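Trainee: My structure is below; once you've seen it, I'll send some questions.
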Amino acid sequence: SQQGEEDPQALSIQEGENATMNCSYKTSINNLQWYRQNSGRGLVHLILIRSNEREKHSGRLRVTLDTSKKSSSLLITASRAADTASYFCATIMTTDSWGKLQFGAGTQVVVTP
Amino acid sequence: EAGVAQSPRYKIIEKRQSVAFWCNPISGHATLYWYQQILGQGPKLLIQFQNNGVVDDSQLPKDRFSAERLKGVDSTLKIQPAKLEDSAVYLCASSRAGDGYGYTFGSGTRLTVV
């Protein structure tokens, strides 16, 4: 079974709007990472948040982490057509000695001009 | 810094045939990962190498999949014989230390088994 689950599975918005997606996980983590995947391409690392952090920003991205609820959210502000992609959360569990990333099923985001 | 190189980009084979994928990680990265991503799903780890040793292959279907990492650099993933359900994108990634930071993914190999 997958460690992370994203919600919603799909999201359709217009340019300029904000996009928010959520990730829930099952066990204690060292860190949580968000990746973007354009159709048919590899995964691009967006942002990493450590278990002792609550919020991080990177450009138009804002990530929050609530370890008590075992959940994270990714906010993309002022979305652009180029943000159309699938977004995945991935976790490193505290019980893992070798830094294995465990991915959720992803949120498919479509931004229309 | 050059990225993670993978080849081929696409491969179409018939079931029961064999296929091999190649990965060249970022120079100096000790840890190399192979992930399988079935359409509509997130990537699933198949095997993880630390230098040229295997540290996790718990989800590798060992009756048909094999992988090696020669001299702790390049890696090859093989499927023999392929099944229809092996159709997926095979992603290679590397990191410097295997501590959960600094992952870089390749562009992947899209395998279609017909």
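Trainee: Compute the projected area of the convex hull of the Cα atoms of chain B, averaged over all viewing directions, and report it in nm² to one decimal place.
Mentor: With the hull built on Cα positions only, its mean projection is 6.6 nm².
Trainee: Excluding A:A82 itself, what net charge comes from residues whose Cβ is under 15 Å from its Cβ, given Lys and Arg +1 and Asp and Glu -1?
Mentor: In short, +1.
Trainee: On average, how much accessible surface per residue is there in the protein assembly as shown, in Å², for a 1.4 Å probe, leaving out ligands, DNA and RNA?
Mentor: Normalised by residue count, the accessible surface of the protein assembly as shown is 47 Å².
Trainee: Based on the Cβ-Cβ distance from A:N18 to B:A2, what FRET efficiency comes out when R0 is 35 Å, to the nearest 0.05?
Mentor: With a Förster radius of 35 Å, E is 0.50.
Trainee: Another question about this same structure. If we count every other residue with Cβ under 10 angstrom of B:C23's Cβ, Lys/Arg +1 and Asp/Glu -1, where does the sum land?
Mentor: Once all neighbours under 10 Å are counted, the net charge is 0.
Trainee: Another question, if that's okay. Ballpark to the nearest 100 Å², how much total accessible area do A and B bury together, probe 1.4 Å?
Mentor: For A against B, buried area totals roughly 1800 Å².
Trainee: For the protein assembly as shown, would you read off the P(r) tail past 26 Å as a percentage of all alpha carbon pairs?
Mentor: Beyond 26 Å sits 37 percent of the P(r) for the protein assembly as shown.
Trainee: Continuing with the same structure: Given a Förster distance of 35 angstrom, what is the FRET efficiency for A:R50 paired with B:S58, based on the Cβ-Cβ distance and rounded to 0.05?
Mentor: 0.85
Trainee: Something else now. So how much slack lies between B:S27 and B:K83, counting 0.36 nm per residue of separation and subtracting their Cα-Cα distance, in nm?
Mentor: 16.8 nm
Trainee: Hey, which lysines would be in cross-link range of B:K83, C-alpha to C-alpha under 28 Å, not counting anything within fewer than 8 residues on its own chain?
Mentor: A:K100, B:K11, B:K15, B:K44, B:K62
Trainee: Can you put A:T95, A:T64, B:T112 in order of accessible area, largest first, using a 1.4 Å probe?
Mentor: A:T95, B:T112, A:T64
Trainee: Hey, any idea what % of region B:1-58's accessible area is carbon plus sulfur with a 1.4 Å probe?
Mentor: Taking all protein chains in place, region B:1-58 shows 47 percent carbon and sulfur surface.
Trainee: Of all the accessible heavy-atom surface of chain A, with the other protein chains kept in place and a 1.4 Å probe, what percent is carbon and sulfur?
Mentor: Carbon and sulfur together cover 45 percent of it.
Trainee: Test of understanding: extend the Cα→C-beta vector of A:S28 to 7 Å, then name every residue of region A:35-53 with backbone N under 14 Å from that spot.
Mentor: A:51-52
Trainee: If I take R0 = 25 Å and measure r between the Cβ atoms of B:Y101 and A:S58 in this structure, what FRET efficiency does the formula 1/(1 + (r/R0)^6) give, to the nearest 0.05?
Mentor: 0.95
The values are calculated or read from the model by the stated rules, or taken from the named source; none is laboratory data. Keep in mind it's a predicted model, so treat the numbers as computed, not measured. Note that we place each Cβ from the backbone using ideal geometry, even for glycine, and neighbour counts take in every protein chain shown. Each accessible area value is taken on the protein alone, full model and side chains, heavy atoms only, with ligands, DNA and RNA left out. Shrake-Rupley method; radii C 1.70, N 1.55, O 1.52, S 1.80 Å.
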